[in-house]
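Worksheet for the structure shown next.
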Amino acid sequence: MKVRVLILPKRGLLDPEGRAVKEMLLDGGFDVKDVKVGKVVELEVGEGTDIKALVEKYLVNPLVEEYVIE
Amino acid sequence: MKFAVCVFPGSNCDYDTYYVIRDLLGQDVSFVDHNTKRLNGFDCVVLPGGFSFGDYLRAGVLASKTPLGNAIVEYAQKGGLVLGICNGFQILTELHLLPGVLLRNENLTFLCKDVYLRVENNSLPFTRRFEKGEVIKLPIAHGEGRYYVPEEELRSMEEGGQIVLRYCDEKGNINSQANPNGSLYNIAGICNKEGNVFGLMPHPERACEDLLGYRDGIILWHSLVA
């Protein structure tokens, strides 16, 4: 089973990487309201794997990150 | 005292730390690698700076999932002294031995410079040779040193004396100009509630000899063996 986990900085937290990208895009003349830079982890796991436990225990820090499992 | 210096793949301040403990403090010291399952017979365990597992995923997280990570938690929960420097501090937060997290520096640059710090708590085994409120100078070298913790926890940390070092100017003023990385509340070093686990972003092991132009780092190490 293939799983994709999208990890993003939590809303409201300072995301300097997103801010830098946003400023670059604004300088380039694009109308950009917000940018967040996160990461993608692709997993191939056995059936019945507890993906939520795997993600919450290992892949994200819930203090500062949120995630979506695809 | 018998010290352990933890070595993870990517630790790079391990030999500096070992040198300070053995040659400058004259104490017994051993390296322990990331597969070590038990930390028995040590008086202090040090997690040195570096880039454990290449900082992949998040700084410190992969190191925290090793057998040595578990052994450090067990050792700390029994009251053992644990000191985490830079990447070691990041690992201690990922182990949940210390609250909060260390994020990318606000300005996105890797910082390698001297900073001034104010000693906010000198009652710890790590800081007892400093004066409370003393301003000291240590070097920093990190890309992910912006300390963050939710507001409520910050308040309880403050009340519990868990904020040990804060970035300041030469005169000891805490302000945003003296904050190199955007850390919340100018925090540079914290301890756990019990005071036996201490993590800091600056490098005391690089500030131990007059030859290098520093004298404040060695005071921290002397505090431990006092």
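The values are calculated or read from the model by the stated rules, or taken from the named source; none is laboratory data. Predicted, not measured: the structure shown is a model, and the values here were computed from it. When we count neighbours, we look across all protein chains shown, and the Cβ atoms used for this are built from the backbone with ideal geometry, even at glycine. Heavy atoms of the whole protein, side chains included, go into the accessibility calculation; ligands, DNA and RNA do not. Shrake-Rupley method; radii C 1.70, N 1.55, O 1.52, S 1.80 Å.
Quick one: dipole size for region B:1-105, taken about the Cα centre, charges +1 on Lys/Arg Cβ and -1 on Asp/Glu Cβ, in debye to the nearest 20.
Here the size comes out at about 280 debye.
Using a Gaussian network model of chain B with C-alpha springs under 10 Å, which one of B:L108, B:L138, B:L211 is most mobile by mean-square fluctuation?
Answer for the Gaussian network model of chain B: B:L211.
What residues from region B:120-160 fall in the zone where the backbone N is under 12 Å from a label point 7 Å along the Cα-to-C-beta line of B:L24?
Correct set: B:138-139.
For the pair A:K10/B:A226, report the inter-label distance in nm, with labels modelled 7 Å from Cα in the Cβ direction.
Each label point is offset 7 Å from its Cα along the Cβ direction, giving 3.7 nm.
I want to check the label-to-label distance for A:T49 and B:K78. Put each point 7 Å from Cα in the C-beta direction and report it in nm to one decimal.
3.5 nm
Report the FRET efficiency, 1/(1 + (r/R0)^6), for B:D169 and B:L211, where r is their Cβ-Cβ distance and R0 is 25 Å, rounded to 0.05.
The pair B:D169/B:L211 has a calculated efficiency of 0.45.
What is the sum of charges, Lys and Arg at +1 and Asp and Glu at -1, for the other residues whose Cβ falls under 13 Å from the Cβ of B:Y19?
Here the charged neighbours net out to -3.
In whole Hz and in residue order, list the ³J(HN,Hα) couplings for region B:146-153 that follow from phi through the Karplus curve 6.51 cos²θ - 1.76 cosθ + 1.60, θ = phi - 60°; x for Gly and Pro.
7, 6, 9, 8, x, 3, 4, 5
Starting from the amide H of B:Y116, placed 1.01 Å from N in the peptide plane, find each other amide H under 5 Å away whose residue is 5 or more places distant or on another chain.
Under 5 Å from the amide H of B:Y116: B:C168.
Among B:F110, B:F130, B:F89, which one moves the most in a GNM of chain B with springs linking Cα atoms closer than 10 Å?
Result: B:F110 has the largest fluctuation of those listed.
Using each residue's phi in region B:14-29, evaluate 6.51 cos²θ - 1.76 cosθ + 1.60 at θ = phi - 60° and report the 3J(HN,Hα) Karplus result to the nearest Hz, with x for Gly and Pro.
5, 6, 4, 5, 4, 4, 4, 5, 6, 8, 8, 8, x, 9, 6, 8
What residues of region B:149-169 lie in the reach of a label at B:S176, counting those whose backbone N is under 18 Å from a point 7 Å from the Cα along Cα→Cβ?
The answer is B:149, B:167-169, whose backbone nitrogens lie closer than 18 Å to the label point.
Positive end of the charge dipole of region B:145-185 (Lys, Arg +1 and Asp, Glu -1 on Cβ, about the Cα centre): tell me which of B:N179, B:G161, B:P150 has its Cα farthest that way.
B:N179
List, in order, the whole-Hz ³J(HN,Hα) value for each residue of region B:193-201 obtained from phi through the Karplus relation with A = 6.51, B = -1.76, C = 1.60 and θ = phi - 60°; use x for Gly and Pro.
4, 7, x, 9, 10, 9, x, 9, 7
Summed for both chains, how many Å² of accessible area, to the nearest 100, are buried between B and A with a 1.4 Å probe?
1300 Å²
Name the residues of region A:30-70 whose accessible area falls by at least 40 Å² when all protein chains are present instead of the chain alone, probe 1.4 Å?
Buried by the other chains: A:K39, A:Y58, A:N61, A:L63, A:V64.
Between the helical axis of A:16-27 and the dominant principal axis of chain A, each derived from Cα atoms, what acute angle in degrees is found, rounded to the nearest 10?
Orientation of helix A:16-27: about 40 degrees from the principal axis.
Give me the percent of the accessible area of chain B that comes from carbon and sulfur atoms, probe 1.4 Å, all protein chains in place.
Its accessible area is 47 percent carbon and sulfur atoms.
For the protein assembly as shown, with every protein chain kept in place, what is the accessible area per residue (1.4 Å probe, Å²)?
About 47 Å² of surface per residue is accessible.
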